[in-house]
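The values are calculated or read from the model by the stated rules, or taken from the named source; none is laboratory data. Keep in mind that what you see is a predicted model, and the values were worked out from it rather than measured. Cβ placement follows ideal geometry from the backbone for every residue including glycine, while neighbour counts extend to all protein chains displayed. All accessible areas refer to the heavy atoms of the entire protein, side chains included, with ligands and DNA or RNA removed. Shrake-Rupley method; radii C 1.70, N 1.55, O 1.52, S 1.80 Å.
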Amino acid sequence: MPMPALMIVLTYVIGVILAVAAAVTWAVSPILYRVGATDSALDDLVSNSLGAFVLAIPFILLKPPLNGGAWLYGTLFAVLGPVFGTYVFLISLRHADVGMANVISYAYVVILPLLLIVVNPSYLTYVWPAILIMIGLYLIMGSGSGTPYGYFMALLSAILYAFSFLALYRAYDYSNPWGIIFIRGVMLMVGSLILKMVIEGVRFRLSGKVFLAGLISYGIGGPLYVLSVDYAGIAVPTLITALSPVITEALAIARLRERLNRRSALGFMVVIIGIVAASLIGVQI
């Protein structure tokens with residue numbers, strides 16, 4: 001294999017590994033959310049965002065490009081998904097079963113490739129692995145009942161996250177990963193504070209455990225995901241993030257020392273097949 005081709009494959013593999021690492025950090029944080037959540041979803045959002053902000057500030061020392069386009073798309077990336085998408089998802093949990101709401105919120109793995117068709121028709125090939133991943137998530141977590149409003153809010157969260165990742169795709173035209181990570185951390189903090197003050201006022205109650213979750217998921221996992229996109233493109237790393245709830249579910253089963261039922265086992269297999277298929281497609285494009 002010629003050296004340039006080998007380097008391309010190696011770079012892609014590094015991106016996949018970074019995306020898996022991001023999914024692992026995102027999988028750990030829900031445990032901290034459960035034990036550290038306050039009465040206000042917006043207070044928790046602020047605590048979460050503070051973790052990303054603290055770890056993003058040092059990236060300014062790398063002097064990344066911070067032009068108008070970088071701020072525009074970096075802000076859209078931060079605000080559409082982590083701020084509004086997360087807030088809408090938290091609302092959905094109050095009106096729908098947690099498992100189904102979580103499954104629907106990951107519909108962005110299907111929505112994003114459909115949006116990217118406008119950029120390049122080849123992204124259509126990622127839709128069928130994404131659908132496989134959604135089926136697997138449903139088999140693992142889909143249960144319970146809820147209101148149409150709750151499920152609509154979960155779907156809205158998925159749509160907001162899909163457009164957030166599309167903004168990230170555009171942000172690379174104007175900056176590098178370090179600039180995007182810095183802008184994301186700053187605007188995530190600013191957006192969360194504004195949303196909190198507009199809806200609930202200026203009194204804040206920070207949670208140490210949710211702040212720690214923010215450090216892990218937003219502060220570490222977020223930059224890992226941004227870097228993975230730089231190495232492997234936008235489609236495959238985004239699909240790999242669907243591993244996050246799967247890992248969380250596996251940790252919960254291990255902690256409770258439960259055996260996998262057939263439905264969940266099949267779900268795990270289907271998610272893995274979907275992610276492997278998407279990864280193989282990505283290395284060929």
Open item on the list: Using the Kirkwood radius over C-alpha pairs as Rh, can you work out the diffusion coefficient of the range 202-256 via Stokes-Einstein at 37 °C, viscosity 0.692 mPa s, in µm² per second?
Closed with: 248 µm²/s
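Per residue, how many Å² of accessible area does the chain show with a 1.4 Å probe? Provide the component values of the computation, followed by the final result.
Details: 13170 Å² over 285 residues.
Ligands and nucleic acids excluded, the figure is 46 Å² per residue.
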TODO: For the range 15-70 and the range 93-155, write down the distance between their C-alpha centroids in whole Å.
DONE: 22 Å
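Per the 1.4 Å probe, what fraction of the accessible area of the chain, in percent, lies on carbon and sulfur atoms? Show your work: numbers first, answer last.
Values: 9430 of 13170 Å².
Its accessible area is 72 percent carbon and sulfur atoms.
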Open item on the list: Let me check the size of the range 151-285 from its C-alpha atoms; what are the radius of gyration and Dmax in Å?
Closed with: 17.8, 52
- [ ] Have a look at Thr125, Thr241, Thr25 and tell me which one the Gaussian network model of the chain (Cα, springs below 10 Å) gives the largest fluctuation.
- [x] Thr125
Open item on the list: Which order do you get for Arg262, Arg184 if you rank them by accessible area with a 1.4 Å probe, largest at the top?
Closed with: Arg262, Arg184
Task: Inter-probe distance in nm under a simple model that places probes 7 Å from Cα toward Cβ, at Val13 and Ile194 - done: 4.4 nm
TODO: Note down the magnitude of the dipole of the chain about its Cα centre, charges +1 on Lys and Arg C-beta and -1 on Asp and Glu C-beta and zero elsewhere, to the nearest 20 debye.
DONE: 380 debye
Task: Charge-dipole axis of the range 148-285 as Lys and Arg at +1 and Asp and Glu at -1 on Cβ define it, positive-most pick from Gly282, Ala232, Phe268 - done: Phe268
